[in-house]
Amino acid sequence: MSEQIILNIGNVSKRFGGLQALSDVNVKIVKGQIYGLIGPNGAGKTTFFNVITGLYQPDTGTFELAGKPYSPSAPHEVAKAGIARTFQNIRLFGEMSAVENVMVGRHVRTHQGVFGAVFHHKAAREEEAAIRKRAMELLDFVGIAKFAERTSRHLSYGDQRRLEIARALATDPQLLALDEPAAGMNATEKLGLRELLVKIKAEGRTILLIEHDVKLVMGLCDRMTVLDYGKPIAEGVPADVQKNPAVIEAYLGGGH
Amino acid sequence: MANYFDTKKNPRKAYTGMAIIAVVAIVFPFVSANFGNSWVRIVDLSLLYIMLALGLNIVVGFAGLLDLGYIAFYALGAYMTGLLASPQFAVVLQSFVDTYPTLGNGLLWLFGAEVAKNGIHLSVWAIVPLGAALAGFFGALLGAPTLKLRGDYLAIVTLGFGEIIRIFMNNLNLPVNITNGPQGINDIDPVSVFGVSLAGEQGSHGIVHFLGISMPSVNAYYFLFLILCIAIVFVTVRLQHSRLGRAFVAIREDEIAAKAMGINTRNVKLLAFAMGASFGGVSGAMFAAFQGFVSPESFSFTESITVLSMVVLGGMGHIPGVILGGVILAALPEILRHVVEPIQMALFGQVLMDAAILRLLLLGLAMVLIMLNRPAGIWPAPKHEDRPDADIDNPGKSTDVVAV
């Protein structure tokens, strides 16, 4: 089969008290594509994100990653299963250097414990060297290798976004989930981000992209879903979604 | 002084610094022995505090979990030694026999007549790992219910735990006498290494002969504590620059992001608690053997605060800073105790203020000044930018920010 489904989410619902944040959301993401999730403010995009990455517990739903069911019960299990995410409000390990941030991302794919740390035996030394090497490669890949030893919170905003993406990539994810990566960026920075996402896709990785900036999403995504009030109102290739009357109404209001 | 002791970035400076410290550390007791044993004794106790501060630094400095009851682990190590290396266990068995004859006789049968007569006397080789294991176990036990707590809330729970342990020690003399209550446990065996008692043989007036060298008992303990301290420094330094050390710091910096990066925060936090506690347990065990006596008074809440102050004042998360904090806060009060009254006598011809009062005043003043002028501690971790390989002179343009 040429089109392998990486992420298959069925009928996810999530309720916060009286608010139905998500109702019956279905998402199927094909390997190697960029999948967009858009919608007006409060549509439930980030809730959906938090549900599939284990931060919130869903009320209903089926979850499959690369053909295998996974349980989004704990974030670290989800990361281990192969979904890495970034955050809408950047969440770096501020006091650590950039390269250390990415090295933390390797945690889930490495094994050394207390014994290895204290005795520094051959396997531990080799693993540590491999972690550092991979982290440097990833910093280079996202274009901030020269800031490797900088304290991460001293990086510029755009570079912090890049660092967060590098850290997520360090977990060797099957699916890279980006929560509004362009938020707060200027036009030039957005252009740089776009290039980076294209480069990540060219490596054969799959991306789930939540974005506010419709222009960015339309040009970048292979398929997309539009959420409004927690319900999917349109799904398909960007050109079709753009013409969908429900989408136009959600974004511009009725009467257009 | 940011780059001392950084063997990777600046090996020559680091090794020179270490060599100087090593020479001073070895020569110190022999020199100061000429001025009486009290100075070495002060440093012995400082070394115990440094072990405590290094252990607490794992919990507070690395993992960012504020622990106000840390002295409980020190107490556990000390009381464990009190029970397993003194005649106390015979008292415990007798008390069981008197109160619950069936259970007591069962225990008597289990432990045998020898223990019932003389108590248990384990050697230091068993005491150190047992102390570490027991305290580590209790560390994890304390950690388990507090996993979801952070900051103030965690501090309150740990404070309670510290008090619970102390109050237990104070009251476990009824209905069966285990800890002797407020009277404490006496006659704890001194440490003996390779058949040499570090308290000195009977009739030797506290002179220890070891490897052909004669030294006072306090000097022998000094070297034992120094070795333990170095071992703990070694473990924490290695830990800091490892996968686990990074996981600790990641949890401190942002727990949600750490989870999202696949760190099992529950296990890593429990490990931090257990490791920190185990160092406290070792230190407590050594304290008991050194003093020969433990009582609940030694483990009051102020002690927890003192150890925490060492970590915070020295520089949270920075090992040399924590050691410095330990040296200053453990030794300074003792030094002041010795010099405050003579100075007053010399200046005013009479003692105007009691040493104990002035000591606390000066300590408080020092803390306020340090926190005002150096909020990150006296010797905080160097910023990444200050390290020689961070090219600060030519940092290059940021990738995205361009002038339009």
For the structure I just gave you, tell me whether A:Asp179 is closer than 18 Å to A:Ile90 by Cβ and either among the charged types (D, E, K, R) or touching a Lys or Arg at 6+ places or on another chain (Cβ under 6 Å) (or both). yes
Quick check: is even one residue across region A:182-189 polar (S, T, N, Q) and assigned to a strand (DSSP E or B)? no
Given the residues B:Ala85, B:Ala75, which is the only one that is closer than 24 Å to B:Gly136 by Cβ and touching a His at 6+ places or on another chain (Cβ under 6 Å)? B:Ala85
Looking at this structure, is B:Gly200 at positive phi, in contact (Cβ under 8 Å) with a residue 24 or more places away in the chain and in contact with a helix residue (DSSP H, G or I) (Cβ under 8 Å, 6 or more places away or on another chain)? no
Among (1) crowded, with 20+ Cβ neighbours inside 10 Å; (2) under 14 Å from the mean Cα position of the chain (by Cα), the one test that B:Ala231 misses: (1)
Pairs with Cβ under 6 Å, 6+ apart, first in region B:9-34 and polar (S, T, N, Q), second surrounded by 12 or more Cβ atoms within 10 Å (Cβ to Cβ) and assigned to a helix (DSSP H, G or I): B:Ser32/B:Trp39; B:Ser32/B:Val40
Pair list, Cβ under 8 Å, 6 or more apart: region B:122-144 residue assigned by TED's automatic domain parsing to the domain that holds B:Ala289 and outside any helix (DSSP H, G or I), other residue surrounded by fewer than 20 Cβ atoms within 10 Å (Cβ to Cβ) and modelled with pLDDT of 95 or more: B:Leu122/B:Leu130
Output for Cβ contacts, cut-off 8 Å, separation at least six or different chains, first residue more than 14 Å from every other protein chain (Cβ to nearest Cβ) and surrounded by 21 or more Cβ atoms within 10 Å (Cβ to Cβ) in region A:188-209, second charged (D, E, K, R) and assigned to a helix (DSSP H, G or I), reads A:Ile207/A:Lys201
Considering region A:122-151 alone, what residues qualify as being among the basic types (Lys, Arg) and within 11 Å of chain B (Cβ to nearest Cβ)? A:Arg125, A:Arg132, A:Lys146, A:Arg150
Any helices (runs of 4 or more DSSP H) falling wholly within region B:227-337 and containing at least 3 residues that are at positive phi and in contact with a Pro (Cβ under 6 Å, 6 or more places away or on another chain): none
Read through the list (1) surrounded by fewer than 16 Cβ atoms within 10 Å (Cβ to Cβ); (2) facing another protein chain (nearest Cβ under 9 Å), then give the number of the only condition that A:Glu100 fails. (1)
All-but-one check, A:Gly94 against (1) within 8 Å of another protein chain (Cβ to nearest Cβ); (2) of a type outside the set (Val, Ile, Thr); (3) in contact (Cβ under 8 Å) with a residue 60 or more places away in the chain; (4) outside any helix (DSSP H, G or I), failing number (3)
Go through region A:11-61 residue by residue and tally those that are farther than 25 Å from A:Lys215 by Cα, part of a loop (DSSP other than H, G, I, E, B) and not aliphatic (A, V, I, L, M). 8
When the residues of region A:112-121 are narrowed to those that are outside any helix (DSSP H, G or I) and within 8 Å of another protein chain (Cβ to nearest Cβ), which ends up surrounded by the most Cβ atoms within 10 Å (Cβ to Cβ)? A:Gln112
Sort out which residues of region A:69-91 are within 16 Å of the chain's Cα centre (by Cα) and outside any loop (DSSP other than H, G, I, E, B), and write them in order of number. A:Pro75, A:His76, A:Glu77, A:Val78, A:Ala79, A:Lys80, A:Ala81, A:Ile83, A:Ala84, A:Arg85
Identify the residue in region B:226-264 that is facing chain A (nearest Cβ under 7 Å) and polar (S, T, N, Q) and, among all such residues, is nearest to B:Leu198 (Cα to Cα). B:Ser242
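The values are calculated or read from the model by the stated rules, or taken from the named source; none is laboratory data. The model shown is predicted, which means the values in this text are computed figures rather than measured ones. All Cβ positions, glycine included, derive from the backbone under ideal geometry; neighbour counts span all protein chains shown.
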